[in-house]
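A short write-up of the structure that comes next.
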Amino acid sequence: MSLPLPPSASASAEGGRASFLYLFSSVLSLSAPLTPQPIALPGGCWLQYNGEIYAYGGKPLPAGVSDSSFLAELLSSSAPLSVLPLLSGEFSFLLTRPTAAGYRVDACTDSLGRRSLQQSLSAGAFSLASDLPPDFPGVENVPPAAVRTFLVTPEGYAVSTAGYSVVAPVPPPLPPLSSPRETLRLLLADALRVRLPSSSPLPPTLLFSGGLDSSLLALLLPPDLPASLLSLQLGPSLVPDRVSAILSYRSLPKRNPPNSLSLLLLDLPHPPSLSHLLPAAHPQSAPMDLNLSLCLASLASARRARRYSPARDLPPALAAASLDRTAGDGGSAAGKCGEGTINYNARLPCRMGCGGRGDGGCALGACRGCCLGVGKRVGRFVGGRAAFCGRHAGRGGGRGGVVKGAVGGEDDVELGGRVFLSGLGADELFGGYGRHRTAFLRGGYPEVRRELDKDVARLWERNLMRDDRAAGGHGKELRYPFLDERVVAFACSLPPPSLLDFSLPQGAGDKKILRDVARDLGGEGGRIKRALQFGSGAAKGERWRARQPT
């Protein structure tokens with residue numbers, strides 16, 4: 001729709017064209033009834049809204065009321081800066097209001113920037129959208145916890161920004177004298193509950209890499225709720241995330257009914273180019289941004305996946321190999337193929353526990369001998385020879401490849417859900433990165449606290465808005481239980497020694513409070529996982545594309 005501006009004095013004298021303010025909205029409706037947008041408000045105001053609102057002033061939204069209608073009612077009588085501090089959710093919106101000289105456009109984001117909102121400014125015009133084309137001039141993300149105001153007149157526009165602080169969120173009822181990890185478990189369980197799609201006939205989908213963060217969310221899912229765990233593999237060789245996903249899935253406690261939790265496997269080839277991902281990643285364009293955009297876009301655009309089959313996807317011989325022996329108890333483990341124990345301070349110890357040095361290019365994170373040994377054992381089971389990574393496939397390990405079935409068979413599953421649950425934010429809140437251990441060595445726990453606060457403050461710029469564009473471009477919505485306002489406030493209120501313990505080795509001391517919660521729920525607490533772009537095989541695509549003929 002277009003909103004005309006009164007012509008300026010110079011334009012009228014010269015017979016120039018009138019100026020307009022154009023509003024466009026495309027709605028991804030996740031619940032009925034559909035609320036058309038832009039939403040008309042009293043007084044000639046218009047609301048364009050993207051996201052989810054779970055609570056206002058610490059109270060859940062009334063039953064049967066859509067969050068867009070609820071927000072429209074609030075903004076009909078209150079200014080954005082008085083409403084935003086009380087909202088809990090993942091959202092961005094534009095509020096357009098008439099003024100005496102033209103229009104006022106308020107561009108509003110949530111406190112962490114979990115929904116994308118971009119701006120493009122030029123001399124004669126400006127644009128605001130969830131996803132702007134990269135060829136627009138000066139595209140940049142609108143910062144979180146802010147209201148960016150555009151005062152539009154026939155002579156042009158002026159921009160100003162006002163920040164806001166979220167009112168301390170109200171936690172759910174807690175038992176008296178709760179320990180920090182018990183409180184965290186209850187907060188995470190409630191944050192996950194409110195983010196489960198309520199009206200979709202399809203089960204919720206959890207992006208599942210098998211690491212601590214996604215495994216903990218799987219443990220917190222209601223036992224009687226059908227859910228899908230989606231694992232991504234890019235390229236022809238078995239990748240670390242697929243191994244972790246299968247082993248973590250096998251280790252989850254039994255549920256009732258037993259088939260309520262399904263592991264779905266998505267196997268995709270490396271794309272010949274990443275140029276189609278530039279719009280989603282823009283204004284970032286580093287290889288890491290493109291690889292992460294590739295992972296999210298691949299997951300969001302997939303229409304079908306195959307159900308995990310133990311006999312086909314992970315033979316018992318591989319499961320018995322116990323690829324991850326870091327149980328998180330601070331001890332060491334010895335493997336069958338070598339002597340000694342793992343030196344956790346060494347660079348890349350073999351993940352098989354033989355005491356040797358692991359190979360960073362190995363899909364299993366193992367040394368050559370362990371990788372080839374696993375391949376031989378699995379090969380005896382499936383008949384023939386097997387290798388699990390391209391690094392060792394050409395060194396006597398047989399041809400690289402994966403035992404897997406094609407999509408379209410009897411285990412083919414439709415991926416129709418619109419909501420993806422993500423474990424993003426756990427590393428930034430609870431100290432899961434190597435730089436947090438480095439900060440501890442540099443300045444102790446005060447330095448760790450500064451590093452954690454810095455990581456949380458820049459999540460919107462480094463991850464959240466880019467990921468929202470990558471998934472939203474394919475009709476999917478990401479929701480982040482770890483980034484619930486109550487979880488963030490609680491984690492930031494605890495001293496670092498309550499979150500982690502860097503006197504323990506990797507896989508035990510980092511994110512220790514989350515590992516304790518996982519063990520309390522009957523899961524594993526010591527699995528170590530690579531970052532998404534490496535564990536899924538996306539980063540290997542760079543080398544694969546470099547070898548292709550032009």
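The values are calculated or read from the model by the stated rules, or taken from the named source; none is laboratory data. Everything quoted here is computed from the prediction, not taken from an experiment. Quick reminder, even Gly has a Cβ in these numbers, built from the backbone with ideal geometry, and neighbours come from all protein chains shown. Surface accessibility is based on the protein's heavy atoms, side chains included, excluding ligands, DNA and RNA. Shrake-Rupley method; radii C 1.70, N 1.55, O 1.52, S 1.80 Å.
Data table
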read-out: Net charge of Cβ neighbours under 10 Å - reference LEU221; Lys, Arg +1; Asp, Glu -1; value: +1
read-out: Rough spin-label spacing in nm, given labels placed 7 Å along Cα→Cβ, for LEU174 and LEU81; value: 3.2 nm
read-out: Percent RCO, i.e. relative contact order, over the range 84-171, from Cα pairs under 8 Å lying at least 6 residues apart; value: 30 percent
read-out: Computed lengthening from VAL413 to LEU504, 0.36 nm per intervening residue step minus Cα-Cα distance; value: 28.6 nm
read-out: Spherically averaged projected area in nm², based on the convex hull that wraps the Cα atoms of the range 216-302; value: 6.8 nm²
read-out: Alpha-carbon gyration tensor eigenvalues x 5, square-rooted, for the range 91-167, Å; value: 20, 17, 9
read-out: Cα gyration tensor, the range 41-125 - rounded (a/c under 1.5), prolate or oblate; value: oblate
read-out: The range 252-311 - charge dipole about Cα centre, Lys and Arg +1 at Cβ, Asp and Glu -1, debye rounded to 20; value: 460 debye
read-out: Cβ-based charge dipole, the range 191-324, positive-most Cα from PRO236, HIS276, LEU196; value: LEU196
read-out: Accessible surface, the range 50-118, averaged per residue in Å² (probe 1.4 Å); value: 34 Å²
read-out: Evaluated at q = 0.11, 0.13, 0.18 Å⁻¹: base-10 log I(q)/I(0), Debye formula over Cα of the range 422-550; value: -0.47, -0.64, -1.08
read-out: Evaluated over the range 129-178, the Cα radius of gyration and Dmax, each in Å; value: 19.2, 62
read-out: Long-range HN-HN contacts of CYS354 with modeled amide H, under 5 Å; value: GLY335
read-out: With 10 Å bins from 0: P(r) over the range 473-545, alpha-carbon pairs, percent; value: 16, 30, 34, 17, 3
read-out: Hz values of 3J(HN,Hα) by residue in the range 35-42 - Karplus curve (6.51, -1.76, 1.60), Gly and Pro given as x; value: 9, x, 10, x, 8, 7, 10, x
read-out: Pair-distance profile P(r), taking every C-alpha pair of the range 252-310, with 5 angstrom steps and integer %; value: 4, 15, 21, 16, 12, 12, 9, 7, 5, 0
read-out: Quotient of Cα Rg and 2.2 N^0.38 Å for the range 409-452, N being how many residues it contains; value: 2.00
read-out: Charged-residue dipole, Cβ positions (Lys, Arg, Asp, Glu), the range 36-139 about Cα centre, Debye nearest 20; value: 220 debye
read-out: Cβ-placed point charges (K, R +1; D, E -1), dipole of the range 421-481 about Cα centre in debye, nearest 20; value: 140 debye
